[in-house]
Amino acid sequence: MNPFETLRFAVGGLAANKVRSGLTMLGVLIGVAAVIILLAVGNGSSQAVKDSIEKLGTNALTVSSGGGFGGQSTATSTKPLTVDDARALADPASAPDVESVAPEVTTSQTALYDGTSHSVNQVVGTYPAYFKASNSKVAKGDYFSADDVLNSRKVAVIGSTTATDLFGTASPVGRKIVVGGTPFTVVGVLETKGGTGFQDPDDTVIAPLPTVQNAFTGFGPISQILVEAKSADATTPAQNEITTVLMSQHGIKDSSALDFRVSSQASLLTTQASTNKTFTVLLGAVAAISLLVGGIGITNIMLVTVTERTREIGIRKAIGAPKGVILGQFLAESTLLSLVGGGLGVVGGLVGSRFTIVGITPVVIPQSVVWAFVIAVAIGLFFGSYPANRAASLRPIEALRHE
Amino acid sequence: MKQLLRGRLGRDGTGGHRVGDPVTAAAEESPWGPSPVIEVRSLLKTYGHGDATVRALGGEVDPVTGVSPGVDLVVEQGDMVAVMGSSGSGKSTLMNILGCLDVPTSGRYLLDGIDVGGLDEHQLSLVRNRKIGFVFQSFNLVPRTTALAQVELPLAYAGVKAAERRRRARAALELVGLGDRVDHRPNELSGGQQQRVAVARALVTAPAMLLADEPTGNLDSHSTEDVLAIIDRLNASGRTVVLITHEDEVARHAKRVLRLVDGQVVADVRQAPVDGPPPALSDPAVFAAHAPHALTSGGS
Ligand SMILES: Nc1ncnc2c1ncn2[C@@H]1O[C@H](COP(=O)(O)OP(=O)(O)OP(=O)(O)O)[C@@H](O)[C@H]1O
Ligand SMILES: [Mg+2]
């Protein structure tokens, strides 16, 4: 018996029961495709986070109001962040590692232009330093200036999504939009940052702080302060300086009872990345389980096939089929099942990864394709060999008596 | 032992059966000429344990000595033996052991002077493939497989090339009169035709020994005659035949008739000499005249 003949026997065996073979193959197909797609989704989302780390710049620090966990209970009163706090941080004497400071207020408003209405995700009131610290560059037009801030001019820089939604293909620079009832002149459009998660960072309107305060939020507390450190290495000393300055500003002696939080963008994203890794591992586990279930499917089918054909095995042995040949035939059947199922699964996985899934663009990990396929075939071989071996080891008369 | 077996099987597997084979190594040890094809000593086969023990072969335990007598049997080269006995007397059990399909509980079985008990799984498959042609009472054809592929199967396992295989399978089917049924599957064949496919499959490898367990059990008298005629011719060409039957008409074809009762051989009658043609062929006219029924009229 040459390999070609064994293969022909195996194909014949599989073709004898097409539905069952098809369903088993489907099991393996889903298993392999699931591994590839789920790992690609996990990888895609951490890739996106990595990209946004690079986009944001690692020098940025965010100061926000509110204590850490448990801080709330010990702090006697929570003082909100104010523009004065921001000014204190901008003092190079007390905070030498701080490059620039941008206080922020944020709100959500509806923008109107020429009858087109668009609800803007984030309307930010801030200083020009914000652009550099948050790594936002204008693609068209220009940033607003410190002068615009001082004079509370009604000018705005808008994100690319906002621009397309309101203006379509027309250039927005120099035109007037109405945000929440206040007219703003668009001076610039930001470069597209690209979506990383569920919020579109390109759907934004950025205007001078006093203008936004005047129009929407009032001159009370601010949402957060964006601080840019002198360099990536300076973020840690800058963080300490910010803490010291704000503690004296807020009159806090106990460093465990802070009513504000300083977080570096980089560390925030690192946390997010590691969460993502957990997410990927979880997805991988789910995928592995589905692959295993596919493997059990093969075992089951092989067991059923072998049991059903035990008499046939008896006949074949009685006319002199060596154990190896019978083993080979059944092994070839299960390997063929897993090879074809796995191959189709790889195709399915690669095709499936081309679609955006829950806002994440999957990025296929090449190793996952190889491994999913190899594991599927290995499972087929391993689980197929058990019932095949059992059948081939039967004495001919035992097999023939089997009913 | 392994090499010895390989050597013999190799010669057999190349096409010719063992008739007129140069004297084998095992035979040289024997002072009485060539060793018998089948030599069985104190063969015993039991099923189950304790009170539920079924003594399928070997007879009841002697109350005095505490041992079963066992079955002793010697079958010479070229003999044609019919095994008779009532249902449950152990005929099939004996046959399965002779065909290396089952193993005895105790006792020795020498096939061509080789102790089968000492062979491993692979050697046994070689023996089944090359030395023995087995015809089952219930045909036992491989389902969903054409007659031609069916008969090719033993040759495929013997490693014969496809073209040669096809040629020999066709020849075997022609021999049993099924030259026009090569592409039929078992479910498209009559019982007699299926039985003849089974016979073709058993003789296609040209085995030295044909074992048939009630080869005519489910056949009408016409098909019975067809199958028996084939078996007679095979024996006339020198092959050893052992067949099981319930019918006297079938047993008449044999050179020797064994009778089993409760797993023991109780009668051993020789009807014709070992060398020479089987009774049906030595003098066809006389044989036909003595037919109990008008078998010939039905068969012609
Ligand atoms: N696998 C088995 N387990 C238990 N008992 C068995 C088994 N096979 C056969 N026997 C018993 O062994 C005895 C002999 O069986 P065997 O098949 O050899 O009879 P037989 O002579 O061929 O009968 P028949 O003419 O009806 O075919 C019977 O009593 C049977 O019940
Ligand atoms: Mg029987």
Matching option when the condition is within 14 Å of ligand 1 (Cβ to nearest atom), farther than 15 Å from B:ALA212 by Cα and in contact (Cβ under 8 Å) with a residue 12 or more places away in the chain, among B:SER86, B:SER92: B:SER86
Please state which of the following conditions A:GLY297 fails to meet, knowing it meets all the rest: (1) away from chain B (no Cβ under 11 Å); (2) at pLDDT 85 or above. (2)
Of all residues in the range B:260-279, count the ones that are buried (at least 16 other Cβ atoms within 10 Å of the Cβ) and either under 12 Å from B:VAL71 (Cα atoms) or acidic (Asp, Glu) (or both). 5
If only one of B:GLN195, B:GLN150 is modelled with pLDDT of 90 or more and either aliphatic (A, V, I, L, M) or buried (at least 21 other Cβ atoms within 10 Å of the Cβ) (or both), which one is it? B:GLN150
Within the range A:181-201, residues being more than 19 Å from A:SER152 (Cα to Cα) and crowded, with 22+ Cβ neighbours inside 10 Å number 4
Scan the range B:232-271 residue by residue and report those that are more than 16 Å from ligand 1 (Cβ to nearest atom) and part of a loop (DSSP other than H, G, I, E, B). B:SER237, B:GLY238, B:ARG239, B:ARG252, B:HIS253, B:ALA254, B:LYS255, B:GLN271
Sole residue being buried (at least 21 other Cβ atoms within 10 Å of the Cβ) and away from ligand 1 (no atom under 16 Å from the Cβ), chosen from B:LEU189, B:LEU110, B:LEU203: B:LEU203
Looking at the range B:96-106, can you tell me whether even one residue there is modelled with pLDDT of 90 or more, within 10 Å of ligand 1 (Cβ to nearest atom) and in contact with a helix residue (DSSP H, G or I) (Cβ under 7 Å, 6 or more places away or on another chain)? yes
If you check A:SER290, A:SER334, A:SER338, which single one turns out to be over 30 Å from B:ARG144 (Cα atoms) and polar (S, T, N, Q)? A:SER290
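One line per residue, one yes/no per condition, for (1) over 27 Å from the mean Cα position of the chain (by Cα); (2) within 14 Å of chain B (Cβ to nearest Cβ); (3) part of a helix (DSSP H, G or I):
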{"position": "A:GLN272", "(1), (2), (3)": "no, no, yes"}
{"position": "A:THR275", "(1), (2), (3)": "no, no, yes"}
{"position": "A:THR280", "(1), (2), (3)": "no, no, yes"}
{"position": "A:VAL286", "(1), (2), (3)": "no, no, yes"}
{"position": "A:VAL306", "(1), (2), (3)": "yes, no, yes"}
{"position": "A:ALA321", "(1), (2), (3)": "yes, yes, no"}
All positions within the range B:206-231 that are within 16 Å of ligand 1 (Cβ to nearest atom), among the hydrophobic types (A, V, I, L, M, F, W, C) and under 19 Å from B:LEU281 (Cβ atoms): B:ALA212
Can you find a residue in the range A:327-337 that is closer than 27 Å to B:GLU152 by Cβ and within 35 Å of the chain's Cα centre (by Cα)? yes
Which strands (runs of 3 or more DSSP E) sit wholly inside the range A:127-214 and have at least 3 residues that are without any contact (Cβ under 8 Å) to a residue 60 or more places away in the chain? A:138-141, A:155-158, A:182-190
With respect to B:ASP51, determine if the residue is away from ligand 2 (no atom under 14 Å from the Cβ) and either in a helix (DSSP H, G or I) or within 14 Å of chain A (Cβ to nearest Cβ) (or both). yes
Can you tell me which residue is nearest to the other protein chains (Cβ to nearest Cβ) among those in the range A:308-319 that are in a helix (DSSP H, G or I) and modelled with pLDDT under 85? A:GLU308
Tell me the strands (runs of 3 or more DSSP E) entirely within the range B:61-155 that contain at least 2 residues that are within 16 Å of ligand 2 (Cβ to nearest atom) and at the interface with another protein chain (Cβ under 9 Å from one of its Cβ atoms). none
Among the helices (runs of 4 or more DSSP H) confined wholly to the range A:1-94, which include 3 or more residues that are on the phi < 0 side of the Ramachandran plot and modelled with pLDDT under 85? A:3-15, A:18-56, A:71-74
Tell me which residues, restricted to the range B:68-80, are surrounded by fewer than 21 Cβ atoms within 10 Å (Cβ to Cβ) and under 21 Å from B:PRO277 (Cβ atoms). B:GLU76
Report yes if B:LEU178 is touching a Phe, Trp or Tyr at 6+ places or on another chain (Cβ under 7 Å) and either of a type in the set (A, V, I, L, M) or in a loop (DSSP other than H, G, I, E, B) (or both), otherwise no. no
Could you check, for the range B:34-44, whether at least one of its residues is outside any loop (DSSP other than H, G, I, E, B), crowded, with 19+ Cβ neighbours inside 10 Å, at pLDDT 80 or above and within 16 Å of ligand 2 (Cβ to nearest atom)? no
Out of A:LEU14, A:LEU38, I need the residue that is within 13 Å of another protein chain (Cβ to nearest Cβ), surrounded by 20 or more Cβ atoms within 10 Å (Cβ to Cβ) and in contact (Cβ under 8 Å) with a residue 24 or more places away in the chain. Which one? A:LEU14
On the basis of being among the aromatic types (Phe, Trp, Tyr) and modelled with pLDDT under 80, does A:PHE383 make the cut? yes
Tell me yes or no: at least one residue of the range B:234-242 is within 16 Å of ligand 2 (Cβ to nearest atom), within 14 Å of chain A (Cβ to nearest Cβ) and under 13 Å from the mean Cα position of the chain (by Cα). no
If you go through A:THR110, A:THR106, A:THR126, the only one that is within 15 Å of A:VAL178 (Cα to Cα) and either among the aliphatic types (A, V, I, L, M) or assigned by TED's automatic domain parsing to the domain that holds A:GLY194 (or both) is A:THR110
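The values are calculated or read from the model by the stated rules, or taken from the named source; none is laboratory data. Note that this is a predicted model, so its numbers are computed, not measured. So basically every Cβ, Gly included, is an ideal-geometry build from the backbone, and we count neighbours across all protein chains shown.
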